[in-house]
Amino acid sequence: MNQAVATATTTAVAVDAEPYPYILRLQSTVLLVIDMQRDFLETGGFGDALGNDVSLLRATIDPMRAVMAAARAAGMTVIHTREGHRPDLSDLSAAKYRRGNFPTRIGDRGPMGRILVRGEAGHDIIAELAPIPGEPVIDKPGKGAFYATDLEAILSSRGITHLIVCGVTTEVCVHTTVREANDRGFDCLVLSDCTGSYFPELHEAALAMIKAQGGIFGWVAPSSALLEALPAA
Ligand code: C5J
């Protein structure tokens with residue numbers, strides 16, 4: 001389906017999504033790109049240091065690049081997030097620091113600087129998906145993008161009601177953010193090929209949870225469905 005519905009003030013488009021079409025208006029929708037950081041996606045980063053296969057996350061880069069280009073061309077705001085902490089780690093809870101009991105921890109020095117610390121190379125968004133001037137970048141200390149950030153204030157000041165969500169990892173920061181957004185009254189569409197996980201089975205389960213029970217947390221669609229719908233806006 002790719003149906004444009006004209007209204008008095010704006011044009012709505014329907015994206016062919018599950019469990020049913022997702023209706024968006026450009027003026028009230030942002031593309032929210034979660035944690036596409038070198039520490040998660042590049043060799044030598046945190047994810048790699050923990051023994052994960054970063055190629056599973058890197059498969060999202062090309063489809064995400066196409067979606068970001070289409071969103072920008074359509075005039076939709078793109079907002080980026082980065083997971084990380086102050087250099088003195090004063091915003092890192094002891095629980096988060098200890099969790100996993102891994103030999104490599106947040107704040108340790110690695111090939112791309114201190115892991116998940118703001119200002120370090122590994123904390124940067126990957127070059128392929130770098131924000132362009134004017135796009136908000138939200139630094140978040142938690143998994144969810146609403147926790148301890150000004151994201152909600154930024155969305156509210158722009159009259160945003162709909163979030164198209166992509167990024168990594170599907171079952172952690174993407175899922176937490178979608179749940180937070182859902183409870184705050186936002187309608188979320190998650191792009192299945194623009195989200196990724198080190199664990200494919202968890203990626204699938206996370207997407208299934210979002211769209212289950214009539215879309216209990218939101219909608220899911222491949223990026224092709226959004227790309228098909230956007231020109232109508
Ligand atoms: C994780 C994230 N997985 N961005 N962070 O620790 O999903």
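Counting DSSP beta bridges in the chain, what percent are antiparallel, to the nearest 5? The partial results should precede the final answer.
Working: 11 of 36 bridges.
Here the antiparallel bridges make up roughly 30 percent for the chain.
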Restricted to Cα positions, what overall size does the range 1-106 have along the principal axes? Three whole-Å values, descending. 57, 30, 27
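Would you calculate, for the chain, the mean residue ellipticity at 222 nm contributed by helices, counting each DSSP H stretch of 4 or more residues as -39,500 (n - 2.57) and dividing by all residues, to the nearest 500? Spell out each step's value before the answer.
Numbers: 9 runs with 70 residues, N = 233.
When only DSSP H runs of four or more count, the value is -8000 deg cm²/dmol.
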So if each residue of separation counts as 0.36 nm, and I subtract the Cα-Cα distance between residue 11 and residue 128, what length gain in nm does that give? 39.0 nm
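At a 10 Å Cβ-Cβ cut-off, how would you order 138, 34, fewest neighbours first? Write out the running numbers ahead of the final one.
Values: 138 17, 34 31.
The order, fewest Cβ neighbours first, is 138, 34.
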List the relative contact order of the chain as a percent without decimals, with contacts defined as Cα pairs under 8 Å and 6+ residues apart. 28
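What ratio of Cα Rg to 2.2 N^0.38 Å holds for the range 84-192? Don't skip to the answer; put the middle values down first.
On the way: Rg = 15.0 Å, N = 109, 2.2 N^0.38 = 13.1 Å.
So the range 84-192 has a normalised radius of gyration of 1.15.
Between residue 95 and residue 50, what is 0.36 nm times their sequence separation minus the Cα-Cα distance? Round to one decimal in nm.
Between residue 95 and residue 50, full extension yields 14.4 nm more.
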In the range 147-233, if the dipole is taken from +1 on Lys/Arg beta carbons and -1 on Asp/Glu beta carbons about the Cα centre, which of 224, 199, 188 is farthest to the positive end? 188
Taking the Cα atoms of the chain, what is the range of coordinates along each of the three principal axes, in descending order and whole Å? 56, 35, 31
Note the full-extension length gain between residue 73 and residue 118 as 0.36 nm times their separation in residues minus their Cα-Cα distance, in nm to one decimal. 13.2 nm
For residue 108, placing the label point 7 angstrom along Cα-to-beta-carbon and taking the range 63-101, residues whose amide nitrogen sits under 15 Å are 97-101
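Readers should treat all values here as calculations from the given coordinates under stated rules, not as data from a laboratory. If you're wondering where the values come from, they're calculated on a predicted model, not measured in any experiment. Because the Cβ atoms are built from the backbone with ideal geometry, glycine has one as well, and the counts that use them run over all protein chains shown.
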